[in-house]
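One structure is given here, and the rest of the page talks about it.
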Amino acid sequence: MADQHAQSGEDKRPTEIPVIRWEEPPEGPVLVLLDQTRLPAEEVELVCTDAPMLVEAIRSLAVRGAPLLGIAGAYGVALAAVRGFDVDDAADALAAARPTAVNLAVGVRRAQAAHRAELARSGDTDKAAEAALAAARKLHRDDAEASARMAERGMALLDELLPGGGHRVLTHCNTGSLVSGGEGTAFAVALAAHRVGRLRRLWVDETRPLLQGARLTAYEAARSGMAYTLLTDNAAGSLFAAGEVDAVLIGADRIAADGAVANKVGSYPLAVLARYHHVPFIVVAPVTTVDPDTPDGASIEVEQRAGFEVTEVTAPQVPVTGPGGGIPVAPLGTQAYNPAFDVTPPELVTAIVTEEGVVSPVTAEALAEVCARSREVTIG
């Protein structure tokens with residue numbers, strides 16, 4: 001196991017390169033992304049000049065993570081508007097790029113609505129494009145603020161459930177600043193605990209098949225000076241059995257109206273383990289991840305990804321021979337089951353932490369109340 005011990009000195013953002021930014025060079029506006037498929041080996045930027053390029057970046061996971069997908073989607077609509085492309089076509093393509101991630105559609109539709117409203121009001125395409133960009137920038141700012149509030153509420157919940165500090169937290173996939181306009185969702189809570197000396201150990205699931213935990217969460221934890229240990233996904237059970245996990249913290253890609261949580265595949269087994277071992281299972285996500293139009297977990301569309309992500313592995317700077325661009329680890333022609341997400345039923349979730357409040361126990365009524373509170377804040 002890779003084991004990183006806490007370092008002295010001030011924390012710093014895991015990368016000096018922004019994960020997403022809007023730029024306006026002489027040749028025209030562009031959206032610049034930190035290409036997460038290249039991490040941790042190298043920090044490389046990807047420049048998108050139109051919506052189709054952004055759609056491909058989303059599908060390839062160059063940009064990923066629920067809150068960041070919403071921000072990227074909104075900027076993608078603005079990019080289409082500013083460059084004179086068909087905004088509705090761009091919005092539809094962007095919203096469909098990853099069907100499970102509800103934040104993507106939320107961001108796209110917000111920027112699209114701003115564009116339509118200004119176009120109807122003034123008939124000026126330039127002003128409409130400015131309105132779409134303003135909506136994207138506001139969503140970006142709002143997400144950073146939401147991240148800070150989630151971290152604060154999550155820390156308070158951890159202290160309530162686990163008085164005394166010294167938390168040993170297990171996390172899955174990647175939920176830090178690489179997926180957010182701020183410091184993330186679940187990872188932001190662990191980072192807050194680290195900063196006040198109450199995080200004893202961050203257990204990092206490697207997160208097969210694309211290793212977002214090993215490649216990205218370990219990268220963020222190391223750069224933040226956190227005490228962390230990487231483990232294979234199938235080692236989690238033995239870790240629970242040894243009494244080494246005090247809480248599980250994960251993010252979410254979509255939360256149904258009843259509180260069912262779709263998150264990176266491998267989350268549901270952790271919830272089952274946590275329940276058996278009497279360990280809190282906590283979901284941290286902004287209210288934009290809650291989808292009131294999806295009644296329950298069975299109604300969540302789960303994205304199915306290409307089989308080569310399972311039958312091949314990709315390593316930076318290593319020659320590739322597989323049809324998917326990786327190193328084959330299974331016989332040619334092997335079929336693979338590769339859902340991007342799984343769904344955890346609400347009865348296995350101890351709490352859902354949002355920027356507007358903590359839902360515990362998780363019920364449809366309590367979740368709707370928090371969402372209503374968010375709408376009141378937005379309107380106000």
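What number, in percent, do you get for the relative contact order of segment 100-215 if the mean sequence gap of Cα pairs under 8 Å and at least 6 apart is divided by its residue count?
Details: 143 pairs, mean separation 25.5, N = 116.
After rounding, I find 22 percent.
If one takes the longest principal axis of the Cα atoms in the chain, at what angle in degrees, from 0 to 90 and to the nearest 10, does the Cα axis of helix 267-276 lie?
Helix 267-276 sits roughly 30 degrees off the main axis of the chain.
Pairs of Cα atoms under 8 Å, at least six residues apart: use those to get the relative contact order of segment 249-380, whole percent. List each step's numbers first, then the result.
On the way: 235 pairs, mean separation 42.7, N = 132.
After rounding, I find 32 percent.
Going by average Cβ density within 10 Å per residue, which order do the peptides 73-80, 22-29, 231-238 take, highest to lowest? Can you show the working numbers first?
Values: 73-80: 30.9, 22-29: 10.9, 231-238: 15.2.
Top to bottom by mean Cβ count within 10 Å: 73-80, 231-238, 22-29.
Just add up the charged neighbours of GLU206: K/R +1, D/E -1, any other residue whose Cβ is under 11 Å from the Cβ of GLU206.
Working: positive: ARG208, ARG215; negative: ASP205, ASP233.
Counting the neighbours of GLU206, the net charge comes to 0.
With the cut-off at 1.5 for a/c, could you classify segment 36-123 from its C-alpha gyration tensor as rounded, prolate or oblate? Working shown, then result.
Values: a/c = 2.51, a/b = 1.81, b/c = 1.39.
Note, shape of segment 36-123 comes out prolate.
Counting only heavy atoms of protein chains, what accessible area per residue, in Å², does the chain have with a probe of 1.4 Å?
On the way: 16030 Å² over 380 residues.
I get 42 Å² per residue for this part.
Give the separation of the Cα centroids, segment 24-60 to segment 97-176, in Å.
The two parts, judged by their Cα centres, are 19 Å apart.
May I ask you to derive the relative contact order of the chain, considering only C-alpha pairs under 8 Å and at least 6 residues apart, and to give it as an integer percent?
The value is 16 percent.
Would you mind telling me the share, in percent, of accessible area of segment 201-329 contributed by carbon and sulfur at probe 1.4 angstrom?
Working: 2810 of 4870 Å².
Carbon-and-sulfur percentage of accessible area, whole number: 58.
Could you order the peptides 329-338, 173-182, 81-90, 97-106 from most to least packed, using the average number of other C-beta atoms within 10 Å per residue?
Details: 329-338: 10.8, 173-182: 27.5, 81-90: 17.8, 97-106: 24.0.
Per-residue mean Cβ counts within 10 Å order the peptides as 173-182, 97-106, 81-90, 329-338.
Among 156-167, 50-61, how do they line up from the highest to the lowest mean number of other beta-carbon atoms within 10 Å? List each step's numbers first, then the result.
Values: 156-167: 15.3, 50-61: 19.2.
The densest-packed peptide leads the list: 50-61, 156-167.
Quick one: work out the % antiparallel among DSSP beta bridges in the chain, nearest 5.
Working: 22 of 42 bridges.
For the chain, the DSSP antiparallel bridge percentage is about 50.
Measure out, as a whole number of angstrom, how far apart the alpha-carbon centroids of segment 193-211 and segment 222-287 sit.
10 Å
Apply the Karplus curve 6.51 cos²θ - 1.76 cosθ + 1.60, θ = phi - 60°, to the phi angles in segment 358-372 and return the couplings in whole Hz, x for Gly and Pro.
Listing the rounded values in order: 9, 9, 6, x, 7, 10, 4, 5, 5, 5, 5, 5, 5, 5, 5 Hz.
Provide the net charge surrounding ASP88, with neighbours chosen by a C-beta distance below 12 Å and charges set as Lys +1, Arg +1, Asp -1, Glu -1.
Working: positive: ARG109, ARG116; negative: ASP86, ASP89, ASP92.
Net of charged neighbours comes to -1.
Going by a ≥ b ≥ c, the root eigenvalues of the Cα gyration tensor, does segment 177-290 fall in the rounded group (a/c under 1.5), the prolate group (a/b larger than b/c) or the oblate group?
Working: a/c = 1.37, a/b = 1.03, b/c = 1.32.
Here segment 177-290 falls in the rounded category.
Among [x] 20.5; [y] 24.5; [z] 21.0, only one was calculated for this model; which label is it, if the read-out is Kirkwood radius over Cα pairs in Å?
So the structure-derived entry is [z].
Before rounding to the nearest 500, sum -39500 (n - 2.57) across all DSSP H runs of length at least 4 in the chain and divide by the residue total; then give [θ] at 222 nm in deg cm²/dmol.
Details: 11 runs with 145 residues, N = 380.
That calculation yields -12000 deg cm²/dmol at 222 nm.
The values are calculated or read from the model by the stated rules, or taken from the named source; none is laboratory data. Bear in mind the structure is a predicted one, so any value in this text is a computation, not a measurement. Ideal geometry is used to build each Cβ from the backbone, glycine not excepted, and the neighbour counts take in all protein chains shown. All accessible areas refer to the heavy atoms of the entire protein, side chains included, with ligands and DNA or RNA removed. Shrake-Rupley method; radii C 1.70, N 1.55, O 1.52, S 1.80 Å.
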